[in-house]
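What follows is a single structure, written as C-alpha cells, with notes after it.
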Amino acid sequence: MKPRNPILIWVLIAVVFFLGLGGLFVVDEREQVIITQFGKPVGKAIQEAGLYFKWPLIQQVNRFTKTLLEWDGDPGQIPTLDKTFIWVDAFARWRITDPLKFFQTVGNETWAQKKLDDIIDPAVRNAITSHMLIEAVRNTNRDEVDIRSVIGEEETGSDSLFIPITVGRYKITEMIQENAAKKLEEFGIELVDVRMKRILYVEDVQKSVFARMIQERKRIAEKIRSEGKREANIIEGNKARKLAEISSQAYREAEEIKGRAEAEAARIYAQAYSGDPEFYGLLKSLEVYSKGLDEKSTLVLDTSSELWKFLKKIR
Amino acid sequence: MVWDPRSDGGGGPWQPRTNPLEELLRKMGEGFRTKGPSPLLLLGILALLWALTTCIYKVDVEEVGVIQRFGRFHRTSEPGLNLKFPAGIEKVTKVPVRKIFTEDFGLRTLRPGVRTEYAAPSREQERESLMLTGDLNVVVVPWIVQYRIQDPYKFLFRVRNVRETLRDLSEAVVRQVVGDRSVNEVLNRREVIADEAKVELQKALDVADTGLKVVNLELKTTNVPEPVQPAFNDVNKATQDKETMIRAAEEQYNREVPAAEGQAQKVVQEAQGYFAERVNRAKGDANRFLSLWQEYKAAPEVTRQRLYLEAMGDLLPRVGRKFVMDQDQKGILPFLDLGQKGGGQ
C-alpha cells in the first residue's frame with residue numbers, strides 16, 4: 001500500500017519526534033526539579049541528575065539549585081549589652097533541601113533572600129544586643145602569649161585588657177543559626193551556618209576607642225621610659241656604691257699596711273736600742289745638734305763643757 | 001557562529017552573514033546540484049563537521065575536563081585531546097586545577113609578580129582589613145589567600161559562588177583568629193596568626209564542600225589605624241629611649257669603676273712601698289746602731305768623747321755666732337745682742 005500523502009506522514013513523524021524531544025529534559029548535577037502540571041506539582045521532586053521524561057506541553061519543569069547558596073546580611077548598627085554601637089556584617093549559607101516546600105511557600109530565590117533577611121537579621125540583632133561586645137569578638141579564653149619576652153620588652157601585664165568570656169563568637173553564631181534554622185525549615189530551606197564577617201565600631205565609638213588606644217599607648221610609653229630611668233638609676237647607684245667600696249677598701253688596706261710598717265719599724269728600733277738606751281740617747285742628741293744648728297744659730301758654750309775643758313786647763 | 005554587531009555594518013541578526021565556510025558549502029552544494037542532487041551527502045558532511053567540533057575537545061595542561069552525561073557527572077579527563085559524545089548528550093567543563101589563584105583582602109594588587117606591588121586601598125578595602133582584637137583595640141590587617149581547585153567535582157557542583165564563599169569565609173576566619181589575640185600579638189606575631197587562620201580556613205572550606213585547597217595565607221604588614229600610629233610609634237621610641245638611658249648609665253659605670261679599681265691598686269701598692277721602706281730603714285738604722293754599739297762597748301769613754309768632738313767639729317764651723325763663757329763669769333749674758341747679725345768673734 002502506497003502512502004497517499006508522503007508529506008503528511010513525514011510531518012506526522014516530525015511532530016511525534018519533536019514532541020518526544022520536548023518531553024525529554026536534562027537535570028544538571030547542580031539542579032533539582034519539580035514537575036508541575038498546569039501549575040500543580042506532580043510527583044516527587046527529582047534530585048538526582050540525569051535524563052528524564054515528562055509529558056510535553058502539559059507538564060512544566062521547575063528547576064531549583066541544589067548548590068550551597070550565599071546570604072549576605074544587611075550590616076546595621078546594633079548596640080551590644082554594654083551599650084557599644086557596632087556594625088555587624090553577617091553572612092549565611094543555605095540550600096534548598098525540600099524543593100516542593102520551597103516551591104509552594106517561597107517560589108524563587110529572590111523571595112527566599114527576602115525571607116532570610118526577615119529571619120536572620122533580627123536573629124543577629126537579638127544575639128548581639130543580649131551579649132557583651134567581647135563575647136562577639138573573642139572565641140576562646142585563650143591566654144595572651146607573653147610576647148614581651150619575645151620582643152624584649154619588660155612590661156608588666158597591666159596593658160593587656162583581656163576580659164574573660166563566657167559565650168564567645170562561635171556559640172553566638174551557633175545560637176543565631178539554631179534560632180533561624182527552625183523558622184526556615186518550613187520553607188524547605190536548610191540554614192547551613194551563620195557567621196559574622198565583620199564587626200566594627202560605628203564612627204563615633206571608633207573615635208573614642210582610638211582615643212583610648214592612644215591613651216593606653218602613652219601610658220605604656222611613659223612606663224617604659226620610667227623603667228629606663230629606674231634601670232639607669234640602679235646602675236648609677238651601683239656605680240656609686242662600687243666606687244665607695246673600692247676606694248674605702250683601698251684606704252683600709254693601705255692604712256693597715258702602713259700601720260704594720262710602723263709597728264714593724266718600732267719593733268726593730270726598740271729591739272736594737274733597748275740594748276743601751278743611754279748610748280742611743282747620746283747618738284740621737286748629737287745627730288739632732290748637728291742637724292738642728294746652722295749659720296743663723298747662735299751657740300753659747302760654757303767653758304766647763306767637754307770641748308772647752310782643755311782650754312781651761314791650758315789657761 | 002555568533003552574530004557580531006561590530007563586523008556586520010548596520011545589518012542585523014536576520015541578515016545572513018557571509019562566512020567563508022558557508023560560502024564553500026554553498027558552492028559545493030551548487031556543484032552537487034549541477035551534477036546531480038545529493039542532499040543526503042551534504043547532510044552527512046554537515047553531521048560529520050558537527051560531530052568533529054562537539055566530540056573532540058582539548059584540555060590544557062593546567063586543566064581537567066569534567067564530563068556530564070545528560071547533566072549527570074560522568075568522568076574527568078586529563079590534558080590533551082579527548083573524545084566525548086556530541087553536544088546534547090555529553091557536556092564538558094574545563095576546570096583549571098593546577099592554577100593557583102590569589103584573593104587580596106584590604107589591598108589591591110597593582111602588578112602581580114615575584115615582587116607584587118599593591119595600590120593604595122579603597123574605602124571598602126580599608127573596611128575589609130579593619131578588625132577588632134581580643135583587647136578591643138582596632139587593627140588593620142591586610143592579607144592574601146592563595147588557593148587552587150583540588151576537587152573539580154565539588155568546585156563545580158556543590159557551591160554556587162565559590163569565590164564569594166572563599167572571600168566571606170576567609171574574612172570570618174581571620175577575624176576570628178585576630179579576635180582572640182591582643183593588639184601586641186597581632187602586630188608582632190603575624191606568622192602564627194596566618195598559620196592558624198590557614199588551618200581554620202581550610203576546615204571551613206572543607207565543611208562547605210568548596211573543593212578548594214588553601215595553598216598559602218599570608219598577612220601583610222599589620223598596623224594600627226592611622227590616627228593611633230604616632231602613639232604606637234612613641235612606644236617603640238620609648239623602648240629606644242629606655243635602651244639609651246641604660247646604655248648611658250652602663251657606659252658611665254664602665255668608665256669610672258675600672259679607673260677607681262686602678263686607683264685603689266695604686267694606693268695599696270704605695271702603702272706596700274711605704275711598708276718596705278719603713279721596715280728597711282728601721283733595719284738599717286738598727287743595724288748601724290748595733291754595729292756602733294758593739295764598738296762602743298769595747299771602749300765606751302773614748303768613743304763617747306770621739307763622737308762628741310766629731311759632732312762639735314762638724315757643727316762649730318757651720319754655726320754663725322759662737323760664745324764661749326767661763327763658768328764663773330755670770331754677768332755677761334745681758335750684754336749679748338742676740339739680734340745682731342753675722343760675724344764670728
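Laboratory data are not the source of any read-out in this text; all were calculated from the coordinates shown. Owing to the predicted nature of the structure, the values given are computational and were not obtained by experimental measurement. Quick reminder, even Gly has a Cβ in these numbers, built from the backbone with ideal geometry, and neighbours come from all protein chains shown.
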Worksheet, complete the sentence: Pseudo-spin-label distance B:VAL192 to B:GLU310, built 7 Å along Cα→Cβ, given in nm, is 9.4 nm
Practice prompt. Take each of the peptides B:72-83, B:234-245, B:128-139, average the number of other beta-carbon atoms within 10 Å over its residues, and list them starting from the highest.
Written response: B:128-139, B:234-245, B:72-83
Worksheet item: Within 10 Å of each Cβ of B:62-68, how many other protein chain Cβ atoms are there on average?
Response: 1
Fill in: Largest to smallest principal axis extent of the C-alpha atoms in segment B:235-315, angstrom
96, 25, 8
Item to complete: Would you mind giving the mean number of other chain beta-carbons within 10 Å of the Cβ of each residue in A:128-137, as a whole number?
Response: 2
Worksheet entry | Nearby lysines by direct alpha-carbon distance to A:LYS239 (threshold 21 angstrom, same-chain neighbours under 8 apart not counted) | A:LYS229, B:LYS242, B:LYS266
Practice prompt. Work the Kirkwood hydrodynamic radius out for segment B:101-224: mean of 1/r over every pair of different alpha-carbon atoms, inverted, in Å.
Written response: 14.8 Å
Discussion item. Can you return the lysines within cross-link range of A:LYS171? Criterion is Cα-Cα under 24 Å, with same-chain partners fewer than 8 residues away left out.
Written reply: A:LYS83, A:LYS115, A:LYS182, A:LYS183, A:LYS197, B:LYS198, B:LYS203
Worksheet item: Between B:GLN252 and A:LEU301, what FRET efficiency comes out of the Förster formula 1/(1 + (r/R0)^6) with R0 = 60 Å and r the beta carbon distance, rounded to 0.05?
Response: 0.30
Worksheet entry | All-pairs Cα distance distribution in chain A, expressed in whole percent, bin size 10 Å | 5, 13, 12, 10, 9, 7, 6, 5, 5, 4, 5, 4, 4, 3, 3, 2, 1, 1, 0, 0, 0, 0
Discussion item. For chain A, what does the relative contact order come out to in percent, with C-alpha contacts under 8 Å and a separation of six or more?
Written reply: 14 percent
Item to complete: Would you mind pulling out the separation of the Cα centroids of segment A:252-305 and segment B:139-218, in Å?
Response: 102 Å
Item to complete: Stick to the Cα atoms of segment A:1-142, pair each with every other, and give me the Kirkwood hydrodynamic radius in Å at one decimal.
Response: 19.4 Å
Discussion item. Report the rotationally averaged projected area of segment A:6-65 based on its alpha-carbon convex hull, in square nanometres.
Written reply: 4.4 nm²
Discussion item. Students often forget the sequence filter, so: which aspartates and glutamates lie under 13 Å Cα-Cα from A:LYS114 once same-chain residues fewer than 8 apart are removed?
Written reply: A:GLU70, A:ASP72, A:ASP74
Worksheet item: How far is helix A:109-129 tilted, in degrees, relative to the longest principal axis of the Cα atoms in chain A, given as a value from 0 to 90 rounded to the nearest 10?
Response: 30 degrees
Worksheet item: To the nearest 0.05, what FRET efficiency results for A:LEU19 and A:VAL42 with a Förster distance of 25 Å applied to their C-beta separation?
Response: 0.85
Fill in: On Cα atoms only, tilt of A:6-23 relative to the major axis of chain A in degrees
40 degrees
